[in-house]
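S.K.: For reference, the structure I am asking about is given below.
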Amino acid sequence: MRIPEPRERRKIEMDTNKISLRWTFLALAALLLTTLLSACSFNPNNPDFDLCEEFDNLALTPVSGDPPAVVFEDPGTIKVMHGSGHARRTDGQFIRVEQSAELPDYANQATVFLNGWDLSYAGDDHHVAGLGTMVARIRVEPRKLTWNAVGVLADKHRDKACNWTYYYTIVAWNDANLHAMVDHNDAESYCKTEEADGSDNFFQADNSAMSTALSCFPSFLSNSNFSSGRTVAVIPRGFGFKWSSGDHHLLQLGYNLESSGGFIQSQGVGDDLPYYKALNRKMNPLPIPPTARAGSGFVSWNSYAIMKDDEGRRSYSFAELVSGMGGSDVNIIQPAFSIQPRGTSNIVPQGSGVITEEVVVDNIPYKYAIPMLTGWDIGYEGSDQHVKQIGIWIDEIKWTPNDPTRTLRYKVSSVVRDNDTDPANYFRHKVTILGLGPATGAQIK
């Protein structure tokens, strides 16, 4: 066997480092999973190199899916729709699609958010290096809402065909009749800026400061229009996970967006700054003093994440993309929910293949109620395994305005499987209810 010369060995090492850098630096919005640039053109120190622009230059993939179905409509005030899009790529790269929906004449405000995802390798099962889904570049025009969505499931070779379905919910309203505004802040690009400021809707960070597989990432939004109401709803639009090195089996994947309210607080200086913003950055939004501020257009929250195999802890990166909705008619109902790292034997399996749960929530004290999938904990029973398919989604929503029982119904499904005969798996989920306007006769304090 021929041993490479020193110069050749240096080249091999450089090539290996370039592959690693690809996975490290293109971590935008809700993904952070891979890069589409060739090694020769990748130079993060080049001042002309714009990561957001490169992500915007992704070619669109053909997308299939029926027009979104109407969940409910109160003519002249609000229309809510729910749908999905499906796409496939055979080269292991990101899938980027563009979709649109017609809006009613009366709607002068609208938004769309992520309400589920389903990713699978088109062939055999494989290790996972990264996965994610996000909804971005939301544009509202007269009678039309347009957006992009991106998804990926990849191992370290990034050459596996991938099937992807994402689920979305559209809310369109007339703000003269329903006092609400939305900040989705990225209509022209995938990220507002690579420098952190209070209006960034995304962040990306790693779990290097965490001692277990559970990570906590505090973040915030700032928009002066939020101060027009008592509550700001933090609306989920995307996520991304990536192992910091290589690819691995998967045991557990978890996410929990936990809104905390219209409050911001300084907790330290330097590396101790509490709030994650933009690309691998933290910031303090307040001068010192004051050290805390209520209202004034701020909303803060904690995002919890778990990416775990059989090891107690392995380094990974996480990204999140959100919108903020404020106004005097905006409220949320948020159930208690937590995610914890688990071992290989402390879970009760719920079934195999696709598992479905039908949920009924009554006595909601708002005129309109919309479920938002803001938390989930999914994985295998037993030990970690390869992945063939993974996802969790809401695919049915039922709400009738003026129903005296004020009952919301939805169906949530999940799947985690490899090539075996449907290995036992489980899921837990959290739905935060977006409540708009008081219900007739309801007492809201």
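S.K.: For the stretch 132-236, treating each Cα as an identical point scatterer without solvent, what Debye log10 I(q)/I(0) comes out at q = 0.10, 0.15, 0.17 1/Å?
M.R.: With no solvent term, the Cα-only Debye profile gives -0.42, -0.91, -1.11.
S.K.: Here's a follow-up. Roll a 1.4 angstrom probe over the protein heavy atoms and tell me the percent of accessible area of the stretch 130-233 that is carbon or sulfur. Intermediate results must be reported in sequence, preceding the final value.
M.R.: Working: 1530 of 3460 Å².
C and S atoms contribute 44 percent here.
S.K.: Which percent of the accessible heavy-atom area of the stretch 291-445 goes to carbon and sulfur, probe 1.4 angstrom? Show your work: numbers first, answer last.
M.R.: On the way: 2610 of 6030 Å².
Solvent-exposed carbon and sulfur of the stretch 291-445 make up 43 percent of the total.
S.K.: Right, something else. If each Cα of the stretch 381-426 is one equal point scatterer, what is log10 of I(q)/I(0) from the Debye formula at q = 0.21, 0.26, 0.32 Å⁻¹?
M.R.: Log10 I(q)/I(0), no solvent term: -0.73, -0.94, -1.14.
S.K.: Glu396: accessible area at probe 1.4 Å, nearest 10 Å²?
M.R.: Only protein atoms counted, so the area is about 80 Å².
S.K.: For Glu381, what accessible surface area do you get with a 1.4 Å probe? Give it in Å², rounded to 10.
M.R.: Per-residue accessible area (Glu381): approximately 70 Å².
S.K.: Using packing as a proxy for protection, rank 116-129, 319-332 so that the peptide with the highest average count of other Cβ atoms within 10 Å comes first.
M.R.: Details: 116-129: 19.9, 319-332: 24.1.
Ranking, from highest mean packing down: 319-332, 116-129.
S.K.: Counting heavy atoms of the protein chains only and a 1.4 Å probe, report the per residue accessible area for the stretch 229-302 as a whole number of Å².
M.R.: Details: 2840 Å² over 74 residues.
Accessible area per residue: 38 Å².
S.K.: Let me ask you something else. Order Asp91, Asp56, Asp362 by their accessible area, 1.4 angstrom probe, all chains in place, largest first.
M.R.: Working: Asp91 65, Asp56 30, Asp362 100 Å².
Listed by decreasing accessible area, they come as Asp362, Asp91, Asp56.
S.K.: Remind me, what semi-axes does the stretch 276-399 give for its equivalent ellipsoid, largest first in whole Å, using sqrt of 5 times each Cα gyration tensor eigenvalue?
M.R.: Details: eigenvalues 205, 129, 31 Å².
With the √(5λ) rule applied to the stretch 276-399, the semi-axes are 32, 25, 12 Å.
S.K.: Keeping all protein chains in position, work out how much accessible area Ser383 exposes to a 1.4 Å probe, and write it in Å² to the nearest 10.
M.R.: Here the accessible area works out near 60 Å².
S.K.: Moving on to the next point. With θ set to phi - 60°, apply the Karplus curve 6.51 cos²θ - 1.76 cosθ + 1.60 along the stretch 92-106 and write out the HN-Hα couplings as whole Hz, x wherever there is a Gly or Pro.
M.R.: Ordered by residue, 3J(HN,Hα) equals x, 8, 4, 9, 10, 10, 10, 9, 8, 9, 6, 10, x, 4, 6 Hz.
S.K.: Tell me which residues come under 5 Å, amide H to amide H, from Arg89 once H is placed; ignore anything under 5 positions away on its chain.
M.R.: Cys162
S.K.: Go through the stretch 366-379 residue by residue and turn each phi into a ³J(HN,Hα) via Karplus (6.51, -1.76, 1.60, θ = phi - 60°); whole Hz please, and just put x for glycine and proline.
M.R.: Once rounded to whole Hz, the list reads 9, 5, 10, 9, 10, x, 10, 6, 10, x, 7, 9, 10, x.
The values are calculated or read from the model by the stated rules, or taken from the named source; none is laboratory data. Because the structure is predicted, anything quoted here is derived from the model rather than measured. Here Cβ is always computed from backbone atoms with ideal geometry, including for glycine, and neighbour counts include all displayed protein chains. Only protein heavy atoms, including side chains, enter the accessible area calculation; ligands, DNA and RNA are left aside. Shrake-Rupley method; radii C 1.70, N 1.55, O 1.52, S 1.80 Å.
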